[in-house]
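This report refers to the structure that appears directly beneath it.
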Amino acid sequence: MSEPPSVTNLVGGAAAAVEAALDARPTHLRLERCKLGARTLDRLAAARALESLELISCGLSATSAARLFDAADWPRLVTLDLRGNKVAGALAQLAARPLPALRDLRLAFTGLRAAHISSLHALGTIERWTSGADAFGAPEIRAIVSDSGWPLVAIKSYRQPWGVGGFEILARDAPSSLRALVLYEVKAGARAFTALASSALTLDELRCRYDKIGSPAFATLVESPPARTLTKLQISQCPLDDAAITALVHTELPERLEDLDLSSSPSIGARGLAAFGERSWPRLRRLVLGGCSVHAHGARALASARLPALEVLELWNAGLDDDAVAALAAAPWLASVRVLSISGGAVSQRGIDALARSPYAERLEELAVIGTPFERDGGTIPKDTPLAHARLRTSASP
């Protein structure tokens, strides 16, 4: 029988604390803002039991990273996270090491350029690539997706200006193995997502935040071949409106989606939620509409939707009041929900009382009420109700 994984997390630790952690021979080691002296680096390099190593913002330079990589003996290492360290100049040394198990490489805030990425092509096992806030352009994007030999399954990029050109490279050259795209703050715009829609990719997961994608481009995207296989879709903090949901419900995605996040789009409201209720969502387990204009009318429309598998519903800052919560309390799909967030609304004890009395609330494990009159007034869940066992998440929660 294999031993269970040993997990160690240190934040702001001195070198002595890191070495003490290494004495326990962890298989998963996460160090954030820790001190890494020469002896500590040598010990890290010799930690052959490591399966994941995260060295986040630990002050590594190209020189100190080269010392670590030159001696690295990590035959079992699957995940290496070097975010927040200026190590790009030492990546050739990393690529020269035998790392047969490495699949997940995270290099955000490291000063990457195309030549550094190309040197890593020797690591022919990379499946998951994370980068961010580096001066990326077409050469860097091309180096990630073109002729790398990596069996890429997932790309995550944030705060990098991909632009239309980057998306055109992605659409044309991305490997057929690619299944997940997470693109936060890439400042691409609607034309870029239209380019993505023209690709031959078959994606399982697409997540975008802080972009001017808009409902017309969203409609083009969700109707395109790359979107037809999606099970996870997040287009949040983008200027979507009710037309986006109308477009979504006229695709095959309601039958497939398991995770849908359209949060922080205040132009999504009752009309869009009424369209949402026109279709059945048999696999949807997580729905995030926080920051949308749900209010009471939207809550009533949402309550009539067919959501038999729903487990997580996030409606923070969605304009909810007591009438809205009472409408949700009458929804049959509430019977499967385990986590519900109604934070940031105008919900008082009256609304919670209605929810607590709902015969569908028995499975609810966590209820978030942060920033509500209910929280400010010190409200409680009534005893001897179906909701009595639920954990209240408030501003004071750990």
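Alpha carbon centre of the range 135-190 versus the range 368-391: separation in Å?
What the calculation gives is 45 Å, centre to centre.
Once fully extended, how much extra length lies between Ala96 and Ala135, figured as 0.36 nm per residue of separation less the alpha-carbon to alpha-carbon distance?
Between Ala96 and Ala135, full extension yields an extra 11.6 nm.
To check my understanding: the extent here is largest minus smallest coordinate of the Cα atoms along each principal axis. What are those three numbers for the chain, in Å, largest first?
Principal-axis extents of the Cα atoms in the chain, largest first: 63, 49, 39 Å.
Could you give the size of the charge dipole of the chain about its Cα centre, using +1 on the Cβ of each K and R and -1 on the Cβ of each D and E, expressed in debye and rounded to the nearest 20?
Using Cβ point charges on Lys, Arg, Asp and Glu, the chain gives about 620 debye.
Could you work out how much longer the chain between Ala396 and Ser336 gets when fully extended? Use 0.36 nm per residue separation minus the Cα distance between them, nm to one decimal.
18.9 nm
Give the calculated FRET efficiency between Lys187 and His250 to the nearest 0.05, with a Förster radius of 25 Å applied to their Cβ-Cβ distance.
Once rounded, the FRET efficiency stands at 0.30.
What value does the range 240-398 have for Rg/Rh, both radii from Cα atoms and Rh as Kirkwood defines it?
0.96
Taking the Cα centre of the range 240-398 as origin, sum charge times position over the Cβ atoms of Lys and Arg (+1) and Asp and Glu (-1), and report the length of that vector in debye to the nearest 20.
240 debye
Note the angle between two axes, namely the Cα long axis of helix 62-71 and the longest principal axis of the Cα atoms of the chain, as a number of degrees from 0 to 90, rounded to the nearest 10.
Roughly 80 degrees between the two axes.
Hey, how many Å between the Cα centroid of the range 275-352 and the Cα centroid of the range 38-101?
If we compute the Cα centre of each part, the gap is 46 Å.
With the dipole of the chain worked out from charges on the C-beta (+1 for Lys and Arg, -1 for Asp and Glu) around the Cα centre, which of Leu248, Gly269, Pro226 lies farthest toward the positive end?
It is Pro226.
Only counting other Cβ atoms within 10 Å, I'd like Leu320, Leu310 sorted with the fewest neighbours first.
So the ranking, lowest neighbour count to highest, is Leu310, Leu320.
Would you kindly state how much longer the chain becomes between Val11 and Arg350 on full extension, computed as 0.36 nm times their sequence separation minus their alpha carbon distance, in nm to one decimal?
Here the segment from Val11 to Arg350 would lengthen by 117.8 nm.
Listing Asp173, Asp104 from the residue with the fewest other Cβ atoms within 10 Å to the one with the most, what is the order?
Exposure proxy ranking, most exposed first: Asp173, Asp104.
Given R₀ = 30 Å, FRET efficiency for His121-Asp73 by Cβ-Cβ distance, to 0.05?
Here the calculated transfer efficiency is 0.85.
Quick check on the chain: helices-only [θ] at 222 nm, where DSSP H runs of length 4 and up contribute -39,500 (n - 2.57) each and the sum goes over total residues. Nearest 500, please.
The per-residue figure over the chain is -8000 deg cm²/dmol.
Give, as a single signed number, the net charge of other residues whose beta carbon lies under 15 Å from the beta carbon of Tyr210, with Lys and Arg counted +1 and Asp and Glu -1.
With Lys, Arg at +1 and Asp, Glu at -1, the neighbours total +3.
With a cut-off of 8 Å between alpha carbons and a minimum separation of six or more residues, what is the relative contact order of the range 240-398 in percent?
Relative contact order for the range 240-398 comes out at 16 percent.
Arg97: net charge of surrounding residues, Cβ under 9 Å, Lys/Arg +1, Asp/Glu -1, itself excluded?
Taking every Cβ under 9 Å from that of Arg97, the sum is -2.
Under 21 Å between alpha carbons: how many lysine pairs meet that in the chain, if sequence neighbours fewer than 8 apart on the same chain are excluded?
Lysine pairs meeting the criterion: 7.
Show me 299-307, 390-398, 15-23 ranked by packing, highest mean number of other Cβ atoms within 10 Å first.
299-307, 15-23, 390-398
In what order do Cys208, Cys34 fall by count of nearby beta-carbon atoms within 10 Å, going from fewest to most?
Final ranking by Cβ density, sparse to dense: Cys34, Cys208.
Between beta-carbons, use under 11 Å as the cut-off and find the net charge around Leu181, counting Lys and Arg +1, Asp and Glu -1.
+2
Since every read-out is calculated from the coordinates, none of them should be taken as a lab result. These figures come from a predicted structure and were not determined experimentally. Ideal geometry is used to build each Cβ from the backbone, glycine not excepted, and the neighbour counts take in all protein chains shown.
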